[in-house]
Amino acid sequence: MRCLIDRSRDADACYRIGAVLSDRPDAPGLATARGLGIETEAIAPPPDGDRAAYDRELAAAVARRAPFLVALAGFMRVLSPAFIDAFAGRILNVHPSLLPKYPGLHTHRRVLAAGDGAHGATVHFVTAQLDAGPAVIQGQIAVGPGEDEPCLAGRVLALEHRIYPLAVRWFCEGRLACRDGRAWLDGAALAGPVQLPQIDRPRGGP
């Protein structure tokens with residue numbers, strides 16, 4: 001979240017953060033956003049756990065801001081199909097794995113347990129199926145010998161801070177869209193997520 005806010009204040013920024021919402025009144029991100037002069041709202045789940053009622057309240061709070069894009073950042077609740085339908089094609093999320101590998105939680109631990117040599121992060125559009133929406137961009141790192149979970153998590157987070165603002169920028173510039181169950185960039189359907197090295201190449205390079 002803080003990275004997206006920082007990038008929104010760059011000289012060439014094409015978007016601004018209208019509000020930060022959380023399901024936890026004590027979420028550190030709310031205090032951070034308030035300190036940066038951004039509107040915040042906490043919408044705590046009801047004690048009876050009525051998911052449908054909660055998602056209606058959350059959707060209404062989001063709709064009041066009339067957002068061009070909803071960017072999830074550390075929001076750990078699974079959104080209902082009704083909420084997703086209300087903002088279809090306008091919700092992005094960043095996930096700490098090379099999707100479709102390791103959807104859900106504890107991705108770094110699972111990568112280490114499997115002995116994978118590569119790990120990374122993926123920005124994807126959000127659909128009703130958890131972490132299975134069309135992927136937009138990925139960054140990848142090699143897993144070092146003897147690397148532990150906290151070290152791996154920190155390196156993947158640094159990747160997230162690179163790829164998420166790029167995807168948000170593409171969307172807000174009108175370059176990125178979600179149509180017919182696929183991600184489209186610059187008018188072409190992506191066969192797979194853009195890989196970070198492709199972005200890192202100098203213009204005009206091979």
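The values are calculated or read from the model by the stated rules, or taken from the named source; none is laboratory data. None of these values were measured; they are calculated from a predicted model. Cβ sites come from the backbone with ideal geometry, for glycine too, and all protein chains shown count toward neighbours.
Condition first: at pLDDT 95 or above and in contact with a Lys or Arg (Cβ under 8 Å, 6 or more places away or on another chain). Now tell me which residues in region 179-206 satisfy that.
Hits for region 179-206 are L185, D186, A189, L190.
Going through A44, A60, A113, A52 one at a time, which residue ends up being more than 20 Å from the chain's Cα centre (by Cα), outside any loop (DSSP other than H, G, I, E, B) and modelled with pLDDT under 95? Can you show your working first?
Details: A44 fails: outside any loop (DSSP other than H, G, I, E, B); A60 fails: modelled with pLDDT under 95; A113 fails: modelled with pLDDT under 95.
Being more than 20 Å from the chain's Cα centre (by Cα), outside any loop (DSSP other than H, G, I, E, B) and modelled with pLDDT under 95 holds for just one of A44, A60, A113, A52, which is A52.
Looking only at region 74-96, count how many residues are more than 23 Å from A42 (Cβ to Cβ), of a type outside the set (A, V, I, L, M) and surrounded by fewer than 22 Cβ atoms within 10 Å (Cβ to Cβ).
Selection size over region 74-96: 4.
Residue by residue through region 102-111, note down the ones that are surrounded by 15 or more Cβ atoms within 10 Å (Cβ to Cβ) and either charged (D, E, K, R) or in contact with a helix residue (DSSP H, G or I) (Cβ under 6 Å, 6 or more places away or on another chain) (or both).
Result: Y102, H108, R110.
Residues in region 124-131: is at least one among the acidic types (D, E) and surrounded by fewer than 13 Cβ atoms within 10 Å (Cβ to Cβ)?
From region 124-131, those among the acidic types (D, E) are 131; that's our starting set.
Add one more test, that the residue is surrounded by fewer than 13 Cβ atoms within 10 Å (Cβ to Cβ), and what stays is none.
Taking every residue of region 124-131 in turn, none turns out to be among the acidic types (D, E) and surrounded by fewer than 13 Cβ atoms within 10 Å (Cβ to Cβ).
May I ask you to verify whether R7 is loosely packed, with under 12 Cβ neighbours inside 10 Å and touching a Lys or Arg at 6+ places or on another chain (Cβ under 9 Å)?
Answer is no for this residue.
Can you name the residue in region 132-155 that is buried (at least 20 other Cβ atoms within 10 Å of the Cβ) and either small (G, A, S) or touching a residue at least 60 places away in the same chain (Cβ under 8 Å) (or both) and is also farthest from A71 (Cα to Cα) among such residues?
G139
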